[in-house]
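**Q** Dumping the structure here so I can ask a few things about it.
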Amino acid sequence: MVFVKTYGSWRSRVCLVEMSMRSCSTDTDTSWDCGSQISGPMEEFRTWLREEWGRTLEDIFHEHMQELILMKFIYTSQYDNCLTYRRIYLPPSHPDDLIRPGLFKGTYGSHGLEIVMLSFHGKHARVTKITGDPNIPAGQQTVEIDLMHRIQLPNIESLCNFNELSRIVLEAQEQVRQEQQRQEDRTEDGEGSGPPTEVREPENEGAAPLKEEPVQFVLPVGVSSRNENYPRTCRMCFYGTGLIAGHGFTSPERTPGVFILFDEDRFGFIWLELKSFSLYSRVQATFRNADAPSPQAFEEMLKNIQSLTS
């Protein structure tokens with residue numbers, strides 16, 4: 001069985017850590033040698049930082065990085081005895097699925113590794129967060145893949161150019177927008193859904209062939225990745241959107257990106273607006289009695305865990 005937990009109140013226990021970090025970071029001595037002044041929660045934070053990241057406070061100088069790491073500590077470590085456990089199901093599989101659905105661990109920049117669930121829903125695939133972070137909480141749909149809009153990558157030389165990839169993705173985004181608008185217009189006119197619009201592939205001179213055989217892949221210059229050890233070949237790519245938000249899940253919005261299928265156990269997503277890359281690797285652990293009893297039960301479970309943080 002698989003369960004997901006949500007945390008209760010933690011703010012009162014964390015304020016000392018936050019105040020201590022601020023007092024250290026504003027000191028004229030950038031070495032953050034505050035150990036003699038701090039105990040209790042601050043020492044907890046130091047221990048967590050060393051175990052989780054293999055780093056010390058003295059290693060971290062970037063203010064935004066300090067804030068993100070502190071918030072992750074708050075969300076994952078500092079809570080009173082107030083937990084809610086809810087059972088989650090593993091997604092049902094179908095022979096036509098792109099790859100076998102299930103749990104994956106993904107890289108999210110300074111947030112570190114997070115557990116997500118890949119599931120297929122007709123013309124779309126979803127990547128749902130099972131563990132969250134201060135920006136996007138657990139239960140939210142972090143990535144949505146449009147399986148009707150396959151993206152043809154340019155050749156390896158052109159792929160290094162971020163502007164070229166951006167152009168291709170934005171063209172796909174505009175095509176999706178136009179098709180959605182036509183669908184809405186037909187619905188308003190009472191014509192029903194009608195036949196699906198023909199999907200056109202982006203026309204890219206010198207592009208890699210649209211085959212399932214592996215083709216060369218490289219991240220465009222300027223796209224950051226937490227792990228440089230990503231696959232250098234991929235099978236296919238699709239247009240998708242990723243969910244971004246401010247701290248506390250404020251002002252959430254979906255932004256365009258590219259879903260990259262590497263193999264049966266790995267996929268990636270390029271966040272166009274963030275110029276960032278997430279690599280997802282299949283969780284190899286097996287779970288007993290975790291399969292959804294029906295597709296309907298799985299869909300209901302997804303709605304329930306999303307409602308906890310909406």
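**Q** Identify, from the list 132, 139, 122, the residue that is over 21 Å from residue 271 (Cα atoms) and not aromatic (Phe, Trp, Tyr).
**A** The conditions single out 122.
**Q** Just one of the numbered conditions (1) on the phi < 0 side of the Ramachandran plot; (2) free of Cβ contacts under 8 Å to residues at least 60 places away in the same chain is not true of residue 172; which one?
**A** (2)
**Q** Then there's this: Only residues that are hydrophobic (A, V, I, L, M, F, W, C) and surrounded by fewer than 21 Cβ atoms within 10 Å (Cβ to Cβ): list them for segment 131-144, please. Working first, answer last.
**A** At the first step, the residues of segment 131-144 found to be hydrophobic (A, V, I, L, M, F, W, C) are 136, 138, 143.
Selection gives nothing.
**Q** Another question, if that's okay. Go over the candidates 103, 147 one by one and state the one that is more than 24 Å from residue 273 (Cβ to Cβ), in the same structural domain as residue 273 (by TED's automatic domain parsing), in contact (Cβ under 8 Å) with a residue 40 or more places away in the chain and crowded, with 18+ Cβ neighbours inside 10 Å.
**A** Exactly one residue qualifies, and that residue is 103.
**Q** Hey, can you tell me all the residues within segment 68-126 that are over 16 Å from the mean Cα position of the chain (by Cα), at pLDDT below 95 and among the β-branched types (Val, Ile, Thr)?
**A** Passing the criteria: 69, 74, 76, 84, 88.
**Q** Any chance segment 147-156 includes a residue that's part of a helix (DSSP H, G or I) and under 20 Å from residue 214 (Cβ atoms)?
**A** Within segment 147-156, one or more residues are part of a helix (DSSP H, G or I) and under 20 Å from residue 214 (Cβ atoms).
The values are calculated or read from the model by the stated rules, or taken from the named source; none is laboratory data. Predicted model only: the values in this text are computed from it and were never measured. Please note: Cβ atoms are built from the backbone with ideal geometry, for glycine as well, and neighbour counts cover all protein chains shown.
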